[in-house]
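What follows is a short report on a single structure.
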Amino acid sequence: MPKKEIIKEELKEILGAAVKERERLARYTTFKIGGPAEFLASPADEKSLRKLVIYSRLRNMPLTVLGGGSNILIKDKGVKGVVVLFDSPFFKDIKVEGASINAGSGASLAKLCKAACENSLSGLEPLAGIPGTVGGALIGNAGSRNDEDGWTSIGDFVESVLVCDPEGEYRLLKKNELGFDYRKSNLDGYIAVQATLKLKKGRKEEIKNRIAYYLKRKKAAQELKYPNAGCVFKNPQDHGKTSGQLIDECGLKGRRINGAQVSRKHANFIINLGKATSGDVLKLIDLIKKDVKKVHGVSLEEEIKII
């Protein structure tokens, strides 16, 4: 039996579920771009995840976790090793206990915000409308502008995160170990499994109205018509302008390379007009960075993860 067939059968035995080979990842990303995964696997629970981590280490196979597929650009050549999807009920579970929420890393941010609202818990409203999963949000400390003090991030509410380390061991990281900052955390190298968030009690109707307000604001400002990965660049720190404003002032709205185009609605979004390749997007990213550096003297840093 060929080596790949052996690995596939071993993975199926470990996970107790189907394992896909050479599965195109474009369908799993909001960009609708991406080549095949060597293997695509969905662990059922924390035990099968641990077995998978240990197995991949022994086999010297890369392990890549794909959350909701947002904020990511997968290259057309695909991904070596095992790509992990947290789409089992175990990893999507959300439990509310008083003012605390325990959310699995595979749960969507939309469902997290909904659960908070239904239980009259306030704080997450500015995060409404952000795509992706809790796990991805934790790693990148996903956030959004608010109307109070300027910015709200998921890390503002996290008390602890249960992670699986590269050895397959589980650890509970407390807030002071997580290193939350603008668009980053100390979770790189770990697999986030579950997070505990502490919110504040509020009035359900007010929370619902605030969620609707932030959703409406995002829909008015952001690109929703075409596939995209959200904001491509981080906003430069200690600078009076956002990346979107800097790109716009370079006259790059609408700039196109084959199937990839800088959104005419929001300059920090690159859209897939239908047949964009990862190469098209990467060329456009490079062009934007060079123009912004030339015009503004600012070096933009990618917010999206490129695999």
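FYI, it's all coordinate maths here, none of it is from the lab. Model, not experiment: these values are computed from the prediction. Quick reminder, even Gly has a Cβ in these numbers, built from the backbone with ideal geometry, and neighbours come from all protein chains shown.
Annotations for the structure displayed:
- For the range 119-215, GluC sites (Glu not before Pro) are listed when DSSP marks them as loop and at most 15 other Cβ atoms sit within 10 Å of their Cβ; the list is Glu148, Glu167, Glu169.
- DSSP finds beta bridges in the chain, and of those with both partners inside it, around 80 percent are antiparallel.
- Most fluctuating residue given options Gly274, Gly150, Gly140, as computed from a GNM of the chain linking Cα atoms under 10 Å: Gly150
- Helical mean residue ellipticity (222 nm; -39500 (n - 2.57) per DSSP H run of 4+; nearest 500) of the chain: -9000 deg cm²/dmol
- Length added when fully stretched, Lys275-Glu159, from 0.36 nm per residue minus Cα-Cα: 37.5 nm
- Euclidean distance between Cα centres, the range 48-66 to the range 184-244, Å: 30
- Exposure proxy order (Cβ contacts within 10 Å, fewest to most) of Val281, Val295, Val65: Val295, Val65, Val281
- Among Ala260, Ala220, Ala37: highest mean-square fluctuation, GNM of the chain, C-alpha pairs under 10 Å: Ala220
- Separation between Cα centres of the range 276-307 and the range 135-150, rounded to whole Å: 22
- Entry note, the chain: relative contact order of 16 percent, from Cα contacts under 8 Å with a spacing of 6+ residues.
- Contour minus Cα-Cα distance for Arg57 and Lys283 (0.36 nm per residue): 78.0 nm
- Taking 0.36 nm per residue of separation and subtracting the current Cα-Cα distance, fully stretching the chain between Arg24 and Lys225 would add 70.1 nm.
- For the chain, diffusion coefficient by Stokes-Einstein and Kirkwood Rh (Cα), 37 °C, 0.692 mPa s, µm²/s: 161
- With neighbours defined as other Cβ atoms within 10 Å of a residue's Cβ, the residues Ser160, Ser153 order from fewest to most as Ser160, Ser153.
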